[in-house]
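Each remark here refers to the structure printed beneath this line.
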Protein chains: 2
Amino acid sequence: MLRTHTCGELNISNLGQTVKLCGWVQKSRDLGGTTFIDVRDRYGLTQLVLNVDSDANLREAGKSLGREFVIKVTGKVLERTNKNPKIPTGDIEIAVEALEVLNEAKIPPFLIEDETDGGEELRAKYRYLDLRRNPLRNNLIMRHKIAQEIRRYLDAQNFIEVETPVLIKSTPEGARDFVVPSRMNPGEFYALPQSPQTFKQLLMVSGFDRYFQIVKCFRDEDLRADRQPEFTQIDCELSFIEQEDILNIFEGMARHLFNTVKGIELGDFPRMQYADAMRLYGSDKPDVRFGMAFVELNDIVKGKNFGVFDNAELVVGINAKGAAGYTRKQIDELTEWLKRPQIGATGLIYMRHNDDGSLKSSVDKFYNEEELQKWSAAFETQPGDLVLILAGGTDKVRKQMNELRLEMGTRLGLRSKDKFAPLWVVDFPLLEFDEESGRYHAMHHPFTSPKPEDIALLDTEPGTVRANAYDMVINGIEVGGGSIRIHDREVQSLMFKHLGFSPEEAQKQFGFLLDAFEFGAPPHGGIALGFDRLCSIFAGLDSIRDVIAFPKNNSGRDVMIDSPSVIADAQMAELNIKTTV
Amino acid sequence: MLRTHTCGELNISNLGQTVKLCGWVQKSRDLGGTTFIDVRDRYGLTQLVLNVDSDANLREAGKSLGREFVIKVTGKVLERTNKNPKIPTGDIEIAVEALEVLNEAKIPPFLIEDETDGGEELRAKYRYLDLRRNPLRNNLIMRHKIAQEIRRYLDAQNFIEVETPVLIKSTPEGARDFVVPSRMNPGEFYALPQSPQTFKQLLMVSGFDRYFQIVKCFRDEDLRADRQPEFTQIDCELSFIEQEDILNIFEGMARHLFNTVKGIELGDFPRMQYADAMRLYGSDKPDVRFGMAFVELNDIVKGKNFGVFDNAELVVGINAKGAAGYTRKQIDELTEWLKRPQIGATGLIYMRHNDDGSLKSSVDKFYNEEELQKWSAAFETQPGDLVLILAGGTDKVRKQMNELRLEMGTRLGLRSKDKFAPLWVVDFPLLEFDEESGRYHAMHHPFTSPKPEDIALLDTEPGTVRANAYDMVINGIEVGGGSIRIHDREVQSLMFKHLGFSPEEAQKQFGFLLDAFEFGAPPHGGIALGFDRLCSIFAGLDSIRDVIAFPKNNSGRDVMIDSPSVIADAQMAELNIKTTV
């Protein structure tokens, strides 16, 4: 090896040793004839020193080092006079005896420090330099640790990691596929998997019993901060289990990860029915780091000649505890925020519970003190609280109130990145009606089983049928979801029928799975967790970009390698395709 | 859970317990009023029993079970009268108290047993049934174990697993790329990676120090038993190391895997120079499970008026120990085998060392007893040995002799699947001349560094320049290879020049890497091991197909899911492509 130690491990116990270190020059400074150089590697930072006792050529060489030069240094470990308690190597420094420049470096286009001056595009172009910065590198080291612990946990639970193919078959269900022309099969295409769903179900038919895979998946969708065309999934499937078993095993996995990687005890995950989540939080992924649950007011506010409430399908509010100090101006501004097209509320009603105990609403004209006392009771307000109310169609107003609740949570400092509030949302609807196509879509996917007691409703009220489906939610982010699958060919065919597939279409697309179900499919179910998102939650980031080594931008481009790119005509000819632009 | 135990764990210590098992009916038989049913899951096989004491309906139900039915059974663990010492559960059986058919099964198209009657195509179509068979499932379980142990070993050595992108940029070097049209960037394409080579080098520039990844790679090449369009690589890269460090770390990894997964101690890996491997075995991946090294005979056979030898560039032979009993007919047949176009030898010369000590050659006309004694000495023959000799152009005859040596090794039973003989082949040539294009190609890849002492030869004798490159070989199979990389932009540019790239082409294709080298690239090197091949060696298989869950056939088709397939015109239109067939 070119080194005897890394830049992160020397301490007082190494005093007097002659060591060799390699790394990058973080910075160097001259102080009264002494040159101090900080040399950095993945493991840490060590101070080198060249002073009047050092060889003159060596001192000259030390002075000429630029930032990010790669050096190899030999020297003796000395105790520092000015110790730096902030870093593990802060008690020592290296008196340089030999210095070799392994590679020079041009001046980097931005600062390689925890806080950098580089803009997003510049850092994307020089991603390899951005990755030198501690915050990014630490994210990826953490990602590695999480992956290791996932595998350790699942292996101990008898799961087998099986690689499923990347070159598969395009299906019309779900998101848009990326496709790959086949040279050997002219005119035909592979597709990249949106998930290994059918393969993992086939592995259950094969008797693998417990499968997992940390696997790249692909969706050709329009991109945003938490979406990438390629993303990584923790994909799992189990046989001979019930929903409760799956929740326990994967709640156990999440607890194991938080415990081993972050030293945090998560405790038991609450379970919330989908219907309750929508009613109390207006979302199927409620952020339960804070309360502020919805209170429905229809029973107590209607019939007082206030048209907005009387005409609304739902009147619903939240108690923003401690926000009574909000000025009229602040509330007006909040109202404007709610009226933006992204949210689309028509107005905001409020009631203050003043410090003197009095109640004051923006609709005092319609509601007297006695009525407001009812409101106060419903919201359990105390002096200092601010009640915020919206009215309108149920679905719409719940969505709006969800936005308002999250916004108030943020404003009131209730959504700390250091706090983790997980839960399971269960009993999702099986189907959701798509206005555009005028038919039902599978809410989870077409292999999800309906609750047995609800199957009879499939023909009459398909929208009310509940599924054996569940989502893991942490801090208002859907970390993953899964379901108990259909393992019966008849039920699967029925499901395809309700999704508008003709038997021929179903056979053409999923024939191999339907066939497999005839050869002894076990009861099975599973889950898929978004690995990038999980890592971003661990890292306290809003975007998944900085837990991915080489992400793509919002146009799906990797600006560092300049991809995608045009390919040669000969290459296209071999693949029997041509472009139409 | 639907079960209390798996089908592989009950034994005499469970006697009297009431248990629930789930699994597939392996077989059932009636013996004098008693029905025995073997139920199978991933973990094993358990015998169920229904006899005269059982409920009549239950007995009827037991009799009606077909092969591969999925059942759930409740019953009491009893001691067997006829114990089966071959299986872990062979001491017990379950007296059935309740039986539920979880799913029926059609009669499988082939036997779900260790030895099956299904042909290759049928088993490929019903791969999910083939995967139920123990040999296949055990391969995949072993593959999982190997992957786990790889990660354990590398993690302990400070390697970080970093996922590199799957959607990258097409490059003209190396094999054919699979490409993916980009919808968001009309007319442009991503490529699937043939390896993460440039990304792992960039991670070194980023200071990641030690990287690995078990990763899918893709090559659009014509297929054969040990090639798949998608395959899995153990990809690794390290900074601040020398070749010797890499050999030690990955030799250590291979030893760790054989030790933990197969309980085999491999010992130290011999190291062999490429030139010696070619001279002694005619191959850069010699099978050293057996000796039979080449002996070059030019010095002792020339000048005896035997034109075949006199006109040959190289006369070379092997001592097939103990094969002197080969009849004339067998040798004629071997000669015909050598003359097949795949090998292309023109003739075979032999010398028998008879049991009575006499020497008898097929060219006694030219070589007398005294001359043959020289041959005997060169080959160190003993009575019973058979010397086989070929003559011709050096490269060609070495290749032919390599084939003959391997064939004789096989015929003499020297190539047992249970024996493992690893070695490192080192000091590969940097470049190889390609007759077709009339220029040099990188033997490993264009980022491999030349030996510093050989750089001067690049201009004068490029074919003789040695590289800091190495291959790990086990049982004559190249498991993987790597090199110390170029980390200097000047040397990298020089290399591209010698590979026939103009500076513009080099910049266009690899500009981001060349740029990166200007910002402080550390000395680095790495290795990539073929994970599928490694698993097939562990499993004692010639083909990698049966260590892959869902492989493709020789036309790149997955016959189970019927992929690739045609896609909709609308889908192509969105991607701005059309097919030309």
Unique residue being at pLDDT 95 or above and not aromatic (Phe, Trp, Tyr) when the list is A:Arg59, A:Arg3, A:Arg29: A:Arg3
Residue among A:Thr448, A:Thr464 that alone is open to solvent by 20 Å² or more (accessible area, probe 1.4 Å) and not charged (D, E, K, R): A:Thr464
Residue in region B:49-58 that is within 14 Å of another protein chain (Cβ to nearest Cβ) and either farther than 28 Å from A:Gly526 by Cα or among the small types (Gly, Ala, Ser) (or both) present: no
Test result for A:Val101, β-branched (Val, Ile, Thr) and farther than 30 Å from B:Lys200 by Cβ: no
Counted residues, region A:223-243 - those being part of a loop (DSSP other than H, G, I, E, B) and among the small types (Gly, Ala, Ser): 1
For B:Asp220: the one exception among (1) open to solvent by 10 Å² or more (accessible area, probe 1.4 Å); (2) of a type in the set (D, E, K, R); (3) more than 30 Å from B:Val315 (Cα to Cα): (1)
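For (1) touching a helix residue (DSSP H, G or I) at 6+ places or on another chain (Cβ under 7 Å); (2) more than 30 Å from B:Trp337 (Cα to Cα), each residue gets a yes or a no:
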site	(1), (2)
B:Val397	no, no
B:Leu430	no, yes
B:Thr460	no, yes
B:Thr464	yes, yes
B:Gly481	no, yes
Pairs with Cβ under 6 Å, 6+ apart, first in region B:557-581 and closer than 30 Å to A:Val205 by Cα, second assigned to a helix (DSSP H, G or I) and modelled with pLDDT under 95: B:Met560/A:Phe512; B:Ile561/A:Phe512
Residues satisfying the stated conditions in region A:304-331, i.e. more than 26 Å from A:Leu414 (Cβ to Cβ) and either open to solvent by 60 Å² or more (accessible area, probe 1.4 Å) or in contact (Cβ under 8 Å) with a residue 40 or more places away in the chain (or both): A:Lys304, A:Asn305, A:Phe306, A:Val308, A:Phe309, A:Asn311, A:Ala312, A:Glu313
Filter result for A:Leu203 (assigned to a helix (DSSP H, G or I) and within 11 Å of chain B (Cβ to nearest Cβ)): yes
Cross-chain or 6+ apart pairs with Cβ under 6 Å, region B:212-230 first and under 14 Å from B:Phe199 (Cα atoms) and within 9 Å of chain A (Cβ to nearest Cβ), then buried (at least 17 other Cβ atoms within 10 Å of the Cβ) and of a type in the set (Phe, Trp, Tyr): none
Answer from B:Asp276, B:Asp245 - the residue that is surrounded by fewer than 16 Cβ atoms within 10 Å (Cβ to Cβ), within 30 Å of B:Glu313 (Cα to Cα) and free of Cβ contacts under 8 Å to residues at least 24 places away in the same chain: B:Asp276
Matching residues in region B:39-68 - criterion: being among the acidic types (Asp, Glu), out of contact with any Ser or Thr (no Cβ under 7 Å at 6 or more places or on another chain) and not in a loop (DSSP other than H, G, I, E, B): B:Glu60
Which listed residue is open to solvent by 20 Å² or more (accessible area, probe 1.4 Å) and within 30 Å of A:Ile160 (Cβ to Cβ), from B:Ile527, B:Ile548: B:Ile548
Total residues in region A:69-109, condition part of a strand (DSSP E or B) and under 18 Å from B:Asp488 (Cβ atoms): 8
Matching residues, region A:159-191, being small (Gly, Ala, Ser) and either within 18 Å of A:Pro446 (Cα to Cα) or more than 7 Å from every other protein chain (Cβ to nearest Cβ) (or both): A:Ser170, A:Gly174, A:Ala175, A:Ala191
Hits in region B:127-136 - residues which are open to solvent by 10 Å² or more (accessible area, probe 1.4 Å) and either touching a helix residue (DSSP H, G or I) at 6+ places or on another chain (Cβ under 8 Å) or touching a residue at least 60 places away in the same chain (Cβ under 8 Å) (or both): B:Arg127, B:Pro135
Test: B:Ala124 is farther than 20 Å from B:Gly530 by Cα, surrounded by fewer than 21 Cβ atoms within 10 Å (Cβ to Cβ), more than 10 Å from chain A (Cβ to nearest Cβ) and touching a residue at least 60 places away in the same chain (Cβ under 8 Å): yes
Odd one out for B:Thr4 among (1) open to solvent by less than 40 Å² (accessible area, probe 1.4 Å); (2) in a loop (DSSP other than H, G, I, E, B); (3) within 14 Å of another protein chain (Cβ to nearest Cβ): (1)
Out of B:Ala568, B:Ala539, B:Ala549, sole residue that is assigned by TED's automatic domain parsing to the domain that holds B:Gly187 and at pLDDT below 95: B:Ala568
Residues (at the interface with chain B (Cβ under 7 Å from one of its Cβ atoms) and either under 19 Å from B:Ala516 (Cα atoms) or open to solvent by 60 Å² or more (accessible area, probe 1.4 Å) (or both)) located in region A:563-579: A:Ser563, A:Val566, A:Lys578
Selection from region B:91-108 of residues that are within 14 Å of another protein chain (Cβ to nearest Cβ), under 41 Å from the mean Cα position of the chain (by Cα) and either surrounded by 15 or more Cβ atoms within 10 Å (Cβ to Cβ) or among the basic types (Lys, Arg) (or both): B:Leu102, B:Asn103, B:Glu104, B:Ala105, B:Lys106, B:Pro108
Filter result for A:Ile141 (more than 9 Å from chain B (Cβ to nearest Cβ) and among the hydrophobic types (A, V, I, L, M, F, W, C)): no
All positions within region A:231-255 that are within 9 Å of another protein chain (Cβ to nearest Cβ) and aromatic (Phe, Trp, Tyr): A:Phe240
Residue in region A:554-561 that is open to solvent by 20 Å² or more (accessible area, probe 1.4 Å), facing chain B (nearest Cβ under 8 Å) and within 33 Å of the chain's Cα centre (by Cα) present: yes
Counted residues, region B:412-445 - those being within 23 Å of the chain's Cα centre (by Cα), surrounded by 12 or more Cβ atoms within 10 Å (Cβ to Cβ) and without any contact (Cβ under 8 Å) to a residue 40 or more places away in the chain: 2
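The values are calculated or read from the model by the stated rules, or taken from the named source; none is laboratory data. Quick caveat: nothing in here was measured; it's all calculated off a predicted structure. Cβ atoms come from the backbone with ideal geometry, glycine included; neighbour counts cover every protein chain shown. For the accessible areas, the whole protein counts, side chains as well, though only heavy atoms, and no ligand, DNA or RNA atoms are used. Shrake-Rupley method; radii C 1.70, N 1.55, O 1.52, S 1.80 Å.
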